[in-house]
1. Gly166 fails exactly one of the following numbered conditions: (1) in contact with a strand residue (DSSP E or B) (Cβ under 9 Å, 6 or more places away or on another chain); (2) farther than 12 Å from Leu75 by Cβ. What is the number of that condition?
2. Tally time: how many residues in the stretch 66-79 are in contact with a strand residue (DSSP E or B) (Cβ under 7 Å, 6 or more places away or on another chain) and not aromatic (Phe, Trp, Tyr)?
3. Return the only residue of Glu39, Glu46 being more than 21 Å from Ile126 (Cβ to Cβ), assigned to a loop (DSSP other than H, G, I, E, B) and modelled with pLDDT of 55 or more.
4. Which of the numbered conditions does Phe113 fail, given that it passes all the others? Conditions: (1) in contact (Cβ under 8 Å) with a residue 40 or more places away in the chain; (2) buried (at least 17 other Cβ atoms within 10 Å of the Cβ); (3) not charged (D, E, K, R).
5. Determine whether the stretch 186-196 contains at least one residue that is outside any helix (DSSP H, G or I), at positive phi and either of a type in the set (Gly, Ala, Ser) or surrounded by 21 or more Cβ atoms within 10 Å (Cβ to Cβ) (or both).
6. What is the one condition in (1) basic (Lys, Arg); (2) touching a helix residue (DSSP H, G or I) at 6+ places or on another chain (Cβ under 8 Å); (3) free of Cβ contacts under 8 Å to residues at least 60 places away in the same chain; (4) buried (at least 17 other Cβ atoms within 10 Å of the Cβ) that Arg101 does not satisfy?
7. If I go through the stretch 93-108 residue by residue, how many of them are touching a strand residue (DSSP E or B) at 6+ places or on another chain (Cβ under 9 Å) and assigned to a helix (DSSP H, G or I)?
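The values are calculated or read from the model by the stated rules, or taken from the named source; none is laboratory data. All of these numbers come straight from a predicted model, not from anything done at the bench. Positions of Cβ are generated from backbone atoms using ideal geometry, with glycine treated the same way; all protein chains shown enter the neighbour counts.
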Amino acid sequence: MQRRLQLGVAALLVAALAGSVLLYAGLNRREAVAAMPAEGLVLLPEPKAVPAFQLETHRGGQFHTQDLAGHWTYLFFGFTNCPHICPTTVAVMAEAEAQIRALPRGDAFRGLFISVDPERDDIASIAAFLGRFSDGFLGLRGTRSEVLKVAQDVSVAFATVPDGQGGLTVEHSSHIVLIDPEGRYRGIIKRPRKAEALVSAFRRLAV
């Protein structure tokens, strides 16, 4: 009975993650169509302030809400043992980073990764994971409640669920969250993604 309940919760979560991105982003269908060019960029009707938070960085320091200021932050929530979506997305972000750095104002770009598996992702594992892609990306971790609050504030859902093989995995939203240089939540970039789409979004926004 308990296992069936867990699987039922997992199925509902997967369905919610697949179908509710536009709802999370606060857009109605007409606004979404108008705001979504080929690169999958979806902007909020109005920027939203990101409530205060504090998380630990993979470099050993602390990251606060005010540290979002001054950058166009591409924020991805994932976990280091993720088999497909997380490494693929971070690799695309790294490819885009190399191109964005060459653009005017390209130094305003920042890649940020927040672990949604805080019980298993320690500082060393996050550092090793990000090191496979970019030395410039910053990884953050916190308690489950701390990460959950930040995720909810930027329209991301996640939950630990059975993996069907006797272990656990994490189902999570797969979009990239966009934070502007004023530290405000501006929108998302949806899947599927290519580096060119992330570069195009930066050109569109950082003007």
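1. So the condition that Gly166 fails would be (1).
2. 5
3. Just one listed residue meets the conditions, Glu39.
4. Going through (1) in contact (Cβ under 8 Å) with a residue 40 or more places away in the chain; (2) buried (at least 17 other Cβ atoms within 10 Å of the Cβ); (3) not charged (D, E, K, R) one by one, Phe113 breaks only (1).
5. Looking only at the stretch 186-196, we keep the residues that are outside any helix (DSSP H, G or I), and these are 186-194.
Next, only the ones that are at positive phi stay: 187.
The next check asks that each one be either of a type in the set (Gly, Ala, Ser) or surrounded by 21 or more Cβ atoms within 10 Å (Cβ to Cβ) (or both); those that pass are 187.
Yes: one or more hits.
6. Among (1) basic (Lys, Arg); (2) touching a helix residue (DSSP H, G or I) at 6+ places or on another chain (Cβ under 8 Å); (3) free of Cβ contacts under 8 Å to residues at least 60 places away in the same chain; (4) buried (at least 17 other Cβ atoms within 10 Å of the Cβ), Arg101 violates only (4).
7. Of the residues in the stretch 93-108, 6 are touching a strand residue (DSSP E or B) at 6+ places or on another chain (Cβ under 9 Å) and assigned to a helix (DSSP H, G or I).
Let's see how each residue does on (1) assigned to a helix (DSSP H, G or I); (2) at pLDDT below 95; (3) under 13 Å from the mean Cα position of the chain (by Cα):
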{"site": "Ile114", "(1), (2), (3)": "no, no, yes"}
{"site": "Asp117", "(1), (2), (3)": "no, no, no"}
{"site": "Leu130", "(1), (2), (3)": "yes, no, no"}
{"site": "Ser134", "(1), (2), (3)": "no, no, no"}
{"site": "Gly139", "(1), (2), (3)": "no, no, yes"}
{"site": "Glu146", "(1), (2), (3)": "yes, no, no"}
